[in-house]
Amino acid sequence: MFTGLIEEVGTLIARRDAKGMGNEVVILTPSLAPSLRLGDSVAVNGICLTATRLGGDRFTADVSATTLDATTAGSWQAGRKLNLERALALGDRLGGHLVSGHVDAVGALRERRKLGESWKLSFDMPPELAPFLVPKGSIAIDGTSLTVNEVSPDGFTVTVIPHTAQKTLLLDLVPGDPVNLEADMLAKYVQRMLTAYVQPAAPKGGLTWAKLAESGFMDG
């Protein structure tokens, strides 16, 4: 479990094929590597990876074939900068939001616009992610916890403050660049429960999607 608060920007220094089962990646991270132990989880651009080997200022992790297909990891090349965060420890402050490191979808930067000292970033996303996003809700973009400003059926916007811009790679993105997206896990659980218990047309005055929308609990 993570918070979406990036601790260091690391560098991918090697990538090797793991006998057809995915890739093995070696990541340089002078600040974080000394504190890691074998088996520790590290969020790498929002993807939860396990440290399988340690070496002073770097660690090695395996990336499965499934992860390569479902995230941006398949396009990573040596020299790529990556957002890094160690797993949350019990008792730590939760400054961002609960992030599992399990990517829901790959989106893309649509537009970046300066707003005073901050930046407004617009992203495209697969429509199936829209039910999990709400204004003022949370989303993880390449592992970075951000607050959603606006939501449309195929996109959303966020504001990046100067501190976040300095600590992450968000402003390195150019329009069209792919990003890993993870919706707020609480929203996913609520959606799952509603899908199980709310019927499209319930008899005898039961709960329906239409009644929820009429009562202001969701968009119509």
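Quick note: the coordinates plus some simple rules give every number you see, no bench work behind them. Here the structure is a predicted model, which means the values were calculated and not measured. Neighbour counts are summed over all protein chains in view; Cβ atoms, including those assigned to glycine, are modelled from backbone coordinates with ideal geometry.
Figures for the structure shown
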quantity: Net charge contributed by nearby residues that have their C-beta within less than 15 Å of Asn83 (K/R +1, D/E -1); calculated: -3
quantity: Which of Leu186, Ala33, Ile47, positive extreme of dipole for the chain (C-beta unit charges); calculated: Ala33
quantity: Region 105-192: relative contact order as a whole-number percent, Cα under 8 Å and 6+ apart; calculated: 37
quantity: Listed peptides 159-171, 9-21 by packing density, highest first (mean Cβ within 10 Å); calculated: 159-171, 9-21
quantity: Surrounding net charge for Ser100, when Lys and Arg each add one and Asp and Glu each subtract one, Cβ distance under 13 Å; calculated: -3
quantity: Cβ-Cβ FRET estimate between Thr11 and Ala108, R0 fixed at 25 Å, reported to 0.05; calculated: 0.65
quantity: Placed amide H near Ala105: partners under 5 Å, 5+ positions off or other chain; calculated: Leu181
quantity: Gain upon complete extension [Arg93, Ala18; 0.36 nm per residue less C-alpha separation]; calculated: 23.3 nm
quantity: Rounded Å value of the spacing that divides the Cα centres of region 16-47 and region 93-171; calculated: 24
quantity: Coil-residue GluC sites (Glu not before Pro) of region 116-199, DSSP, other Cβ within 10 Å capped at 13; calculated: Glu117
quantity: Over 31 Å between alpha carbons, listed pairs Lys19/Lys188; Lys81/Lys114; Lys19/Lys120; calculated: Lys19/Lys188; Lys19/Lys120
quantity: Net dipole in debye of region 105-192 [+1 Lys, Arg Cβ; -1 Asp, Glu Cβ; about Cα centre; nearest 20]; calculated: 220
quantity: Cβ-placed point charges (K, R +1; D, E -1), dipole of the chain about Cα centre in debye, nearest 20; calculated: 200
quantity: The chain - Kirkwood radius from inverse mean 1/r over Cα pairs (Å); calculated: 18.6
quantity: For a label point 7 Å along the Cα-to-beta-carbon line of Glu150, residues of region 92-112 with backbone N under 14 Å; calculated: 110-112
quantity: Crossing angle, helix 185-197 versus the chain [Cα axis fit, 0-90 degrees, rounded to tens]; calculated: 40
quantity: Amide H contacts under 5 Å for Arg58, placed H, 5+ residues apart; calculated: Thr29
quantity: Label-reachable residues, region 28-52, where backbone N falls under 17 Å from a point 7 Å from Thr66's Cα toward its Cβ; calculated: 47-50
quantity: Region 8-86, relative contact order in percent, only Cα pairs under 8 angstrom and at least six apart counted; calculated: 40
quantity: Mean separation of Cα contacts under 8 Å (6+ apart) over length of the chain, as relative contact order %; calculated: 21
